[in-house]
Each structure stands twice: as C-alpha cells, then as structure tokens.
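Notes follow the structure.
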Amino acid sequence: MALPCAGLARYLLLLAQENLEFRLPEIKSLIFLNGGQFICQQESKLNSPFWILSLLSEEMARGLMKRTVCAKSIFELWGNGRSVEELHSSLKKYPVEKMEPYLRSNFTYKIKVHAFNKTLTQQEKLERIDSLEFLPFKGKVNLKKPDHIFWFLEDYGTDPNNIPEQPFHLYFGRWIANGQRDLIESYSVKRRHFIGNTSMDACLAFIMANHGKVKTNDVVFDPFVGTGGLLIASAHFGAYVCGTDIDYSTVHGLGKASRKNQKWRGPDENIRANLRQYGLENCYLDVLVSDASKPIWRKGMKFDAIITDPPYGIREATRRTGSQKEMAKETERGTENHISISSNYHLSDILFDLLKFAAEYLVIGGRLVYWLPVYKPEYTEEIIPQHPCLKLISNCEQTLSSHTSRHLITMEKVKEFEDEDQYFHILESQYLSYKSHNSFREKYFSGVTKRIAKEEKDNQK
Ligand SMILES: C[S@@+](CC[C@H](N)C(=O)[O-])C[C@H]1O[C@@H](n2cnc3c(N)ncnc32)[C@H](O)[C@@H]1O
C-alpha cells in the first residue's frame with residue numbers, strides 16, 4: 001500500500017465495471033500525462049469500482065476526467081470506512097477548513113446516494129443523508145441546480161449472487177467531475193459514416209489513444225489504418241492523424257459496403273468524411289495506399305504515437321506487395337491490380353516490422369499501442385515481441401473465445417534507434433519466437449470448427 005505524501009490530497013475514483021484490465025494502464029497513463037504519479041491506496045483491489053487515489057491537485061483530477069473512458073466520476077474524498085461508524089469518525093477527522101469553502105451559507109448543495117451492487121429504497125437513501133447532519137452545512141438544499149454536489153457511496157462488492165447485508169466500504173466526498181463515457185455513444189460505430197468489417201469499437205479506440213498518451217498537436221500514425229477508427233479517437237484528443245493501408249478500395253472508400261442494407265459504398269465514404277462527421281477534419285493529415293512492410297518515410301521523420309490494429313487474417317487479408325522480380329513478372333502478364341502482386345504477410349513479419357518501425361520512427365517517450373492475437377493454450381509472457389529501444393508498459397487481455405484472445409500491448413520508446421545491424425542478432429532470435437504467432441489463423445479456425453462440430457453434436461443429442 002502506497003501512503004500519500006505531503007501536498008497530495010485523496011480522491012475517490014468511481015470506475016465502470018467493464019474492460020477491467022484496461023483501466024489501470026489508462027488511469028496511469030492519464031495521470032502521467034497530467035504531470036502526476038499514480039498512487040493508489042488499494043492496489044490489491046483494482047477490480048473494484050472504487051479506487052482511492054492520491055493526486056497533487058484538483059486540476060490534475062479534472063485533467064484525468066477530461067480524458068478517461070474507463071472512469072465515471074471523481075470525488076474529493078472527505079471520509080471513508082468499513083462501517084457507518086468508521087465513515088463518521090473519518091469525516092469528523094477531515095479538516096473543517098477544507099470543508100468550509102463548500103458549505104458556506106451562500107452556496108446551495110445536494111447529497112446523492114449511490115450503492116454499487118445493491119438497490120437502495122428512497123427511505124434508505126434518506127436515512128443515509130440524515131445520518132450526516134453533524135456536517136456543518138450552512139447553505140440551502142437545491143436539488144435541481146446546486147452549487148456543490150456531495151456523494152454518499154456504498155460498496156456491496158462485485159458478486160451479484162452474493163450481496164452482503166452491510167456494505168464492505170462506505171465513502172463520502174465532494175463531486176468534482178465526470179469522465180468521458182458519453183464518447184462511447186456519441187462516437188458509436190453504429191452511426192459512423194464510413195465503416196468496415198474490422199472498424200474498431202469506439203470505447204477501445206479511446207482507450208488505445210489514452211494508453212498511447214496522445215495529446216494536442218501530436219502526430220499520430222496508423223500503418224494499418226482501415227476505415228480510420230483509431231485516427232478518430234486520437235483526433236478527438238487534438239492530435240494530427242495520418243495512416244496507410246494496402247487496400248486501395250478502403251483508402252478511397254470504394255467497393256462493397258459493410259452495412260447490412262447497403263450494397264456499395266456511397267460517394268464520400270472515406271476517412272476524411274468520418275473526421276468531418278465529428279468536426280475533426282482540421283486534424284486530418286492524409287491517408288495513403290501503402291504497404292506497411294515497406295516503409296515510405298524518409299529518415300528522421302518522427303511520430304508521437306503509433307496506434308494500430310494489424311491484420312490477423314481472420315476478417316481481413318494479411319498481404320504485402322511482392323518483390324521487384326515478382327512485380328516484373330506481373331507487369332509482363334499485364335495484370336491491372338492496384339496491388340501488383342501480393343504475398344502472404346505472416347504475423348511474425350508484421351510484428352517484426354511494426355516494432356522496428358516504431359523503434360526508428362517514434363520520438364523518445366512516444367508510444368506504440370497495438371493488438372496482438374493470442375492462442376490462449378500456448379500463451380506465455382515470453383511471446384510478447386520485444387525491441388531493445390522499446391519498453392513494455394502494459395499488456396491487457398481481451399478474451400475473444402474460449403481459446404483465443406487479443407492483447408493490447410503498449411510500449412514506449414526509451415532509447416534512440418541506431419544502426420539497424422546493431423540489433424540484428426538480438427532481433428533475429430526474437431523473430432524466431434514470433435513465428436509461433438503465424439499459426440494463429442489456423443488455430444483460430446480449428447477452434448471455431450471444433451466448436452461448431454461440438455455444437456452440432458450437442459444439438460443432435
Ligand atoms: C484490422 S484492420 C484495421 C481496422 C481499423 N483499425 C479500422 O478501425 O477500420 C487491418 C487493416 O490492415 C490492412 N493491411 C493488411 N496488410 C497490410 C499491409 N501489408 N500494409 C498496410 N495495410 C495492410 C488491411 O487492408 C486492413 O484494412
């Protein structure tokens with residue numbers, strides 16, 4: 001347990017009980033982004049919706065809430081305890097001079113009662129409020145538009161089948177700000193202008209931008225841009241965005257539509273129009289048709305973050321352009337493909353190229369955030385790709401099926417990239433271990449086939 005240091009005040013963070021693994025890296029990254037350090041009093045209870053954080057200032061708490069999609073609200077914590085008595089004695093110890101500015105007679109107020117994992121009756125809520133009459137409130141109650149809102153919170157644990165009679169923990173504090181959970185709905189893929197089969201879910205796209213510590217005026221790049229779902233989240237946080245994709249139709253918004261009741265993509269179905277839909281067109285740099293296995297950037301070009309969802313070959317092809325020799329053959333044959341020839345781009349090569357690219361083209365302190373597909377029975381931490389210039393920051397699992405998952409990997413550039421050959425022997429040995437990723441597609445489909453066969457067998461019984 002970390003103890004708060006001088007100058008730090010205690011805040012209560014109320015988190016959404018979803019995407020649990022993604023919350024800690026998100027909150028840590030955002031606190032760092034706001035110039036603070038993550039100090040949590042209950043590191044062992046990180047699966048709880050309540051975290052007590054020590055922060056330097058209310059401004060830092062507000063900065064955190066301007067970005068988080070994992071947390072719902074933050075409160076200045078005035079007291080807490082494992083029973084009503086403990087809560088009351090903790091409140092009585094909270095310095096009056098810290099409460100007084102918010103309890104003055106010229107301010108109106110309201111107290112809200114919230115129980116997690118239990119529904120309280122109106123009567124029970126009123127009892128909680130009445131029990132706080134020892135607090136020196138001087139202002140009038142205003143339920144509609146109060147100057148200050150105070151919350152009485154109770155934690156009944158996370159097991160809906162085992163709700164205790166009494167709460168495990170009680171908290172009281174002054175509400176400061178809400179997080180950005182509304183973005184999940186307002187940026188929903190369901191209402192997005194241009195989408196594809198693999199458009200990234202809005203909540204995860206914002207989490208990725210937060211893990212990437214994206215900030216205003218950054219330049220963010222997605223080498224496998226698809227319909228630009230990840231660019232949108234970064235642009236919302238004020239970054240300039242650009243990307244590449246090997247698929248000409250995707251980049252130009254042509255071809256078959258991904259929506260159910262639409263056959264072909266309409267005019268202006270493209271990434272720029274997506275950004276325009278959200279009023280973010282000024283953040284659009286460009287997207288290019290290009291093969292990520294062959295970097296097109298001049299040396300010295302730097303990105304602040306690389307945020308991407310590489311192809312796994314499940315719902316999209318993993319392709320790359322062929323060699324000069326193969327292309328020459330194609331030209332002889334007179335093929336009119338936009339991609340002259342494509343050979344299979346193995347996951348091991350995608351990962352190898354992506355890390356190498358990030359090591360070379362990120363600024364120091366810049367982050368690479370990407371999804372890594374994993375066949376669960378064979379997962380060990382050793383299979384996480386490494387690079388001498390990149391430090392692993394977080395690794396969060398999202399389960400896809402009983403046997404597969406994808407891990408959101410965040411790495412930070414900590415060392416300047418020097419001559420490529422210098423890393424060759426280290427990378428070559430790692431590359432061999434990446435090869436285990438190559439069979440992900442076969443394993444994924446073998447699992448799916450087995451599951452379908454089992455379901456069919458069960459149905460026949
Ligand atoms: C998982 S999708 C990305 C989806 C994207 N995040 C979105 O929100 O729409 C992967 C993309 O990588 C592209 N791709 C496949 N091989 C590539 C390559 N060698 N270079 C660049 N893009 C490639 C595919 O065309 C596909 O659009």
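Scanning the range 229-262 for residues that are more than 10 Å from the ligand (Cβ to nearest atom), part of a loop (DSSP other than H, G, I, E, B) and of a type in the set (D, E, K, R) returns Arg259, Lys260. Residue count for the range 187-228 under the criterion of being over 20 Å from Arg319 (Cβ atoms), among the hydroxyl-bearing types (Ser, Thr, Tyr) and within 12 Å of the ligand (Cβ to nearest atom): the result is 1. Would you say Ser105 is hydroxyl-bearing (Ser, Thr, Tyr), over 26 Å from Glu165 (Cα atoms) and assigned by TED's automatic domain parsing to the domain that holds Leu126? Yes. Just checking, does the range 156-164 include any residue being assigned by TED's automatic domain parsing to the domain that holds Leu20, in contact with a Pro (Cβ under 6 Å, 6 or more places away or on another chain) and either within 23 Å of Ser73 (Cα to Cα) or buried (at least 17 other Cβ atoms within 10 Å of the Cβ) (or both)? Yes, some residue in the range 156-164 is assigned by TED's automatic domain parsing to the domain that holds Leu20, in contact with a Pro (Cβ under 6 Å, 6 or more places away or on another chain) and either within 23 Å of Ser73 (Cα to Cα) or buried (at least 17 other Cβ atoms within 10 Å of the Cβ) (or both).
Could you please tell me which pairs satisfy a Cβ distance under 6 Å, a separation of 6+ or placement on different chains, a first residue in the range 274-298 that is part of a strand (DSSP E or B), and a second residue that is open to solvent by 30 Å² or more (accessible area, probe 1.4 Å)? Qualifying pairs under 6 Å: Tyr284/Arg272; Leu285/Tyr240; Val289/Tyr248. Annotation: Ala205 fulfils all but one of (1) in a loop (DSSP other than H, G, I, E, B); (2) surrounded by 18 or more Cβ atoms within 10 Å (Cβ to Cβ); (3) small (Gly, Ala, Ser); the unmet one is (1).
When the residues of the range 359-410 are narrowed to those that are assigned to a strand (DSSP E or B) and touching a Gly at 6+ places or on another chain (Cβ under 6 Å), which ends up nearest to Gly229 (Cα to Cα)? Step through it out loud before you land on a result.
Looking only at the range 359-410, we keep the residues that are assigned to a strand (DSSP E or B), and these are 362-375, 387, 390-399, 404-410.
So of that shortlist, the ones also touching a Gly at 6+ places or on another chain (Cβ under 6 Å) come out as 367, 369.
On the way: Arg367: 18, Val369: 14 Å.
Looking at the filtered set, the residue picked out is Val369.
When the range 287-305 is limited to residues that are of a type in the set (D, E, K, R) and open to solvent by 70 Å² or more (accessible area, probe 1.4 Å), the one that is modelled with the highest pLDDT turns out to be Lys302.
The values are calculated or read from the model by the stated rules, or taken from the named source; none is laboratory data. Quick caveat: nothing in here was measured; it's all calculated off a predicted structure. Note that each Cβ is placed from the backbone with ideal geometry, even for glycine, and that neighbours are counted across all protein chains shown. We work out accessible area using only protein heavy atoms, side chains counted, and drop any ligands, DNA or RNA first. Shrake-Rupley method; radii C 1.70, N 1.55, O 1.52, S 1.80 Å.
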